[in-house]
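Here is the structure we will look at, set down as structure tokens.
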Amino acid sequence: MTAVLVTGAAGKVAGMLRPALAGQVLRVVDTRDVTGWDGADARTGDLADPGFTATAVEGMDAIVHLAANPHPGATWPELRGPNADAVVTLLDAAWRAGVAKVVLASSVHAVGGYVADGLPAGTLLDPAWPARPCCTYGSSKVFAEAYARSVADGGGPSVVCLRLGGVVPRPTDTGNLLGWLSPGDLRLLVRAALAADVRYGCYFGVSANTRGVFDYANAVTELGYRPESDSEAYAADVTPGDGGLCRWRDERVAVG
Ligand SMILES: NC(=O)c1ccc[n+]([C@@H]2O[C@H](COP(=O)([O-])OP(=O)(O)OC[C@H]3O[C@@H](n4cnc5c(N)ncnc54)[C@H](O)[C@@H]3O)[C@@H](O)[C@H]2O)c1
Ligand SMILES: [Zn+2]
């Protein structure tokens with residue numbers, strides 16, 4: 001049995017992930033009250049607060065870091081605390097406490113610029129390509145990935161960054177068809193990431209979507225991820241849209 005800390009445990013993704021962590025010793029934290037994690041050690045606090053975070057990571061073998069501002073339209077003042085300060089505080093605390101592994105939620109917005117500018121037909125987006133965020137939120141995720149790399153390379157916890165696509169029960173628009181991550185595949189991916197022997201890696205978190213543009217082959221070979229869902233099953237039911245990806249880029253100057 002492994003002791004796992006789940007951050008952002010009151011959030012949407014955490015709620016979908018929860019069944020995958022049954023059987024582990026769980027501690028769950030959020031700035032909001034956490035409910036639904038029966039048997040877990042639930043704590044309320046801000047991960048940007050070093051005092052709170054030092055006690056939150058104590059005794060943990062692994063961390064699934066989901067806490068963040070997940071809104072692509074968010075401004076830097078809104079993102080700086082949850083998406084930058086909290087990442088540094090958490091990874092530093094995990095390092096000091098001897099935590100072995102961190103699974104870090106990143107986002108396809110870290111590379112959304114490639115999609116916004118149009119990929120040549122048939123080209124899959126390679127996770128090794130340079131970051132190309134479509135928004136300030138995506139840039140904050142690139143920072144998180146970079147800080148995590150410095151920690152992992154420096155001898156701190158190993159880190160698996162998962163650039164999650166749209167994690168929703170079912171795709172709702174055509175954009176979702178490109179980067180959907182089903183709740184079932186989310187559970188498979190995070191379990192695989194927790195079990196993998198990888199010092200640092202960055203992977204797209206998407207299902208096996210027929211129309212997918214994110215290459216998840218390294219998650220298959222390095223993590224042992226075997227996705228089971230395909231957004232194509234819903235293609236006839238979705239409406240035209242962008243799946244939430246990149247639409248903020250052109251509005252950024254307007255929103256600040
Ligand atoms: N939902 C998606 O489709 C999606 C897609 C790509 C990436 N992600 C990433 O996955 C993670 C979870 O996203 P979500 O959709 O569940 O978001 P969410 O807002 O539902 O959950 C995030 C939780 O983190 C908590 N939180 C924020 N800042 C905190 C802090 N400083 N200290 C402690 N708790 C804090 C919030 O209170 C919230 O409950 C985020 O990192 C997000 O960027 C989500
Ligand atoms: Zn974006």
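Read-outs throughout are calculated quantities, based only on the coordinates presented, and are distinct from any laboratory measurement. Please read these numbers as outputs of a predicted model, since none were measured by experiment. All Cβ positions, glycine included, derive from the backbone under ideal geometry; neighbour counts span all protein chains shown.
The alpha carbon centroids of region 164-223 and region 107-132 are separated by 15 Å. Across the chain, the longest piece that holds none of the trypsin sites (Lys or Arg not before Pro) lying in DSSP loops with up to 16 other C-beta atoms within 10 Å covers 33-198.
Each Lys and Arg contributes +1 and each Asp and Glu -1, all at the Cβ; summed about the Cα centre of the chain, the dipole is approximately 120 debye. Note that region 109-230 shows a convex hull volume over its alpha carbon atoms of 99 Å³ per residue. Only helices enter the 222 nm calculation for the chain: every DSSP H run of n ≥ 4 contributes -39,500 (n - 2.57), and dividing by all residues gives -8000 deg cm²/dmol, rounded to 500. Applying the Karplus relation 6.51 cos²θ - 1.76 cosθ + 1.60 with θ = phi - 60° to region 146-157 yields 3J(HN,Hα) values of 5, 5, 4, 5, 5, 5, 5, 5, x, x, x, x Hz, where x marks Gly and Pro. Ordering 86, 40, 71 by Cα displacement along the dipole of region 1-96 toward the positive end leaves 71 in first place; charges were set at the Cβ atoms of Lys, Arg (+1) and Asp, Glu (-1). The Cα trace of region 3-255 gives Rg and Dmax of 17.1, 51 Å, the first to one decimal, the second as a whole number. Model label points for residue 168 and residue 129, set 7 angstrom from Cα along the Cα-to-Cβ axis, are 2.3 nm apart.
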